[in-house]
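Just so it is clear, none of the values below were taken in a lab; they were calculated from the coordinates. Everything quoted here is computed from the prediction, not taken from an experiment. With ideal geometry, Cβ positions are generated from the backbone for all residues, glycine too; neighbour counts draw on all protein chains shown.
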Amino acid sequence: MPTIPRKQTPDPRKKKQQREQPQDTRYWSQAWRKARLAYLKKHPACVDCGKPANVCDHIVPVRQGGEFWDSDNWQSMCTRCHNAKSGREAHQG
């Protein structure tokens with residue numbers, strides 16, 4: 001007697017959420033981690049909404065010519081505001 005094949009669904013236990021790594025390896029350096037934490041300690045609030053910040057964002061994106069190590073090009077943001085800003089930048093072309 002023929003059997004009906006079962007629908008193959010991925011095992012949720014095997015699915016690991018993989019974070020997309022930035023192209024620029026400087027984001028993973030010890031120097032960046034220290035600079036980022038120092039900046040967030042000095043500027044703890046999101047520049048958009050005022051909530052606690054956990055992202056050190058480049059105002060002018062590095063891929064668009066912004067200076068990576070220039071703290072005048074940094075701003076503190078919460079994850080939600082940073083994701084919204086990054087989404088807008090991605091669609092601007």
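Some points to look at:
- DSSP-assigned coil residues among trypsin sites (Lys or Arg not before Pro) in the stretch 16-90, each with at most 16 further Cβ atoms within 10 Å: LYS16, ARG19
- Net charge, ALA53 excluded, C-beta distance under 13 Å - Lys, Arg +1, Asp, Glu -1: +4
- Amide hydrogen neighbours beyond the local backbone of ALA45, cut-off 5 Å, H modeled: ALA53
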